[in-house]
Amino acid sequence: GYFVGAGLNSIGILTGGGIGRLLAHWVKTGIPDMDVTGMNIDRLHRYQSNPLYRAHRVVESLGMVYKCHYPFKPLETARNVKRSPLHTRLEAQGAYFKDVSGWESPDWYAGEGKTPEPGPLSFGKHDWFPQWKAEHDAV
């Protein structure tokens with residue numbers, strides 16, 4: 001087999017010993033004795049293997065490590081990788097898009113012909129909450 005224990009950035013300094021033990025066990029027995037999902041090199045999607053995508057997204061992700069982790073904070077780089085054929089129709093309905101596994105996916109709608117304005121990041125109710133609530137009440 002082919003085993004990789006790299007690409008962990010600064011967290012590798014903290015986890016190097018544990019990952020070394022995990023890899024040694026995996027090489028010896030053929031089975032990892034811990035969940036490797038978060039560090040498995042196969043966890044990435046094909047669209048994420050684009051060097052330009054990684055160059056932008058890695059910088060943004062590392063820059064967020066010690067920042068406040070607000071709920072609903074959208075990732076801003078490496079966007080518009082995949083779009084639905086309905087994208088322009090959703091956009092015309094005022095869709096606010098977020099990245100979902102590379103897809104530009106509508107999160108909420110400002111309304112037909114309106115530009116979605118998410119407002120400031122917050123731990124409370126966001127400015128768009130009434131629109132989101134109306135959508136869910138309608139269902």
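For the residue pairs 73/125; 98/125; 73/114; 82/125, the alpha carbons lie more than 23 Å apart in 82/125. The residues of the chain have, on average, 74 Å² of accessible surface per residue, using a 1.4 Å probe with all protein chains present. Taking 78, 24, 95 in turn, the Gaussian network model of the chain (Cα-Cα springs below 10 Å) assigns the largest fluctuation to 24. If the elastic network links every pair of Cα atoms under 10 Å, which of 54, 83, 43 fluctuates the most in the Gaussian network model of the chain? Largest GNM mean-square fluctuation: 43. Looking at segment 33-115, the chymotrypsin sites (Phe, Trp or Tyr not before Pro) that sit in a DSSP loop and have at most 10 other Cβ atoms within 10 Å of their own Cβ are 66. Taking Lys and Arg as +1 and Asp and Glu as -1, the other residues whose beta-carbon sits under 13 Å from that of residue 94 total -3.
Under 5 Å from the amide H of residue 98 lie the amide H atoms of 105, 107, each residue being 5 or more positions distant or on a separate chain, with H modelled from the backbone and absent for Pro and chain starts.
Only protein heavy atoms count here; on that basis, with a 1.4 Å probe, residue 122 has an accessible area of about 40 Å².
I'd like the accessible area for residue 64: 1.4 Å probe, protein heavy atoms, all chains in place, Å² to the nearest 10. So the heavy atoms of residue 64 present about 50 Å² to solvent. What the phi angles of segment 73-80 give under the Karplus curve with 6.51, -1.76 and 1.60, with θ = phi - 60°, is a coupling list of 6, x, 6, 10, 9, 6, 9, 6 Hz, glycine and proline written as x. Phi angles of segment 100-116 translate, via the Karplus equation with coefficients 6.51, -1.76, 1.60 and θ = phi - 60°, into HN-Hα couplings of 10, 6, x, 7, 7, 10, x, 9, 7, 10, 7, x, 4, x, 9, 8, x Hz per residue; Gly and Pro are given as x.
Couplings 3J(HN,Hα) for segment 124-135, derived from phi with the Karplus relation 6.51 cos²θ - 1.76 cosθ + 1.60 (θ = phi - 60°), are x, 6, 7, 4, 8, 4, x, 5, 4, 4, 4, 4 Hz, where x marks Gly and Pro. When the solvent-accessible area of the chain is split by element, carbon and sulfur atoms take up 59 percent of it, the probe being 1.4 Å. Solvent-accessible surface of protein heavy atoms, probed at 1.4 angstrom with all chains present, puts 22, 121 in the order 121, 22, largest first. So, R0 is 35 Å and r is the distance between the beta-carbons of residue 27 and residue 62; what FRET efficiency does that work out to, to 0.05? Result of the calculation: an efficiency of 0.75.
Computed over protein heavy atoms with a 1.4 angstrom probe, the accessible surface ordering of 91, 117, largest first, is 117, 91. Think of it as helices only: each DSSP H run of n ≥ 4 in the chain is worth -39500 (n - 2.57), and spread over all residues that comes to -10500 deg cm²/dmol at 222 nm. Taking the Cα centre of the chain as origin and assigning +1 to Lys and Arg Cβ atoms and -1 to Asp and Glu Cβ atoms, the resulting dipole is close to 400 debye.
The values are calculated or read from the model by the stated rules, or taken from the named source; none is laboratory data. What you see is a predicted model; the values in this text were computed from it and never measured. Don't worry about glycine lacking a Cβ; one is built from the backbone with ideal geometry, like all the others, and counts go over all protein chains shown. We work out accessible area using only protein heavy atoms, side chains counted, and drop any ligands, DNA or RNA first. Shrake-Rupley method; radii C 1.70, N 1.55, O 1.52, S 1.80 Å.
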